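Chemist: My questions will all concern the structure given below.
Values quoted throughout were computed directly from the atomic coordinates according to the rules given, and no laboratory measurement underlies them. As the structure is a computational prediction, the values presented were derived from the model and not from experiment. Virtual Cβ from ideal backbone geometry, glycine too; neighbours counted across all protein chains shown.
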Amino acid sequence: MTDRPLVLVHGLWDTPRLFRRLEEELLRRCPDLNLYAPHLPHHFGATPIRVLAAQLDGLIRGRFGDHAAIDLFGFSMGGLIGRTWLQEWEGHRRTRRFVCLGSPQQGTLTAQLMPHRWMAGIADMKLGSPLLRDLRRGQEQLKDVACVSLYSPTDITVFPGWRAVLPVGRRVAVPVFTHRQLILHPLAVRQVADVLLDG
């Protein structure tokens, strides 16, 4: 189990309430766990991921100061926000473990038709977007972070499902069918909690 605070980053069209089942499972196993799930308004996908990562940086610093070590978890677009914070806001210097769940780390075909002018945050998740190319070039900054990618092979939100993995670290398939089940299905919630509390 971890004695570090755990920051939970939600995805597009969600709020921190999304994590209720996961938080209950985590606190059932580890009642003293310090959980923090900030709200990052995405404005229906119009806010660029880099802007959201900057907001996340301010919220983490406001809550834990500038140097305290944390663990980081991101669901869906939240995993990409978290990775951007790790690589472009020096979050990797204070993060021991980064777990992403159903996160379009290599882009998703479902974002391909979104115009950047109006839906910049969604457009950042296109295959080969400028953001994803920059993150790929800077992936060396993840080398000292224990990274785990959880995904569903049949996910059609992050499509194809195998694109929901980081370029480094362990990769674990979760035996559920849909994107939403990754964070709500009891089996998935238990599996995510296993990973987050391991070691």
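Chemist: Using θ = phi - 60° and the Karplus form 6.51 cos²θ - 1.76 cosθ + 1.60, what ³J(HN,Hα) does each residue of the stretch 59-67 get, whole Hz, x for Gly and Pro?
Modeler: Here the 3J(HN,Hα) series is 5, 5, 5, x, 8, 10, x, 8, 9 Hz.
Chemist: Oh, and also: Cβ under 12 Å from Arg21's Cβ, Arg21 left aside: what net charge do those residues give with Lys, Arg +1 and Asp, Glu -1?
Modeler: +2
Chemist: Using θ = phi - 60° and the Karplus curve 6.51 cos²θ - 1.76 cosθ + 1.60, what whole-Hz ³J(HN,Hα) does each residue of the stretch 140-150 get, with Gly and Pro shown as x?
Modeler: Calculated HN-Hα couplings, in order: 4, 5, 8, 5, 9, 9, 6, 9, 9, 10, 10 Hz.
Chemist: Still on this structure, I have one more. For the stretch 121-130, take each phi angle, set θ = phi - 60°, evaluate the Karplus expression 6.51 cos²θ - 1.76 cosθ + 1.60, and give the result in whole Hz per residue in order, putting x for glycine and proline.
Modeler: In residue order, the calculated couplings are x, 5, 4, 4, 9, 5, 4, x, 4, x Hz.
Chemist: Which FRET efficiency, nearest 0.05, do Arg136 and Asp32 yield, Cβ-Cβ r, R0 30 Å?
Modeler: Rounded to the nearest 0.05, the efficiency is 0.20.
Chemist: Separate question: When you count, for each residue, the other Cβ atoms within 10 Å and take the mean per peptide, how do 150-157, 70-77, 44-51 rank with the highest first?
Modeler: 70-77, 150-157, 44-51
Chemist: Also, I was wondering about something else. Where the eigenvalues come from the Cα gyration tensor of the chain, what are the semi-axes √(5λ) of the equivalent ellipsoid, largest first, in whole Å?
Modeler: Gyration-tensor ellipsoid for the chain: 23, 19, 16 Å.
Chemist: Next up: What net charge do the residues around Leu150 carry, taking every other residue with its C-beta under 13 Å from that of Leu150, with Lys and Arg at +1 and Asp and Glu at -1?
Modeler: Local net charge: +1.
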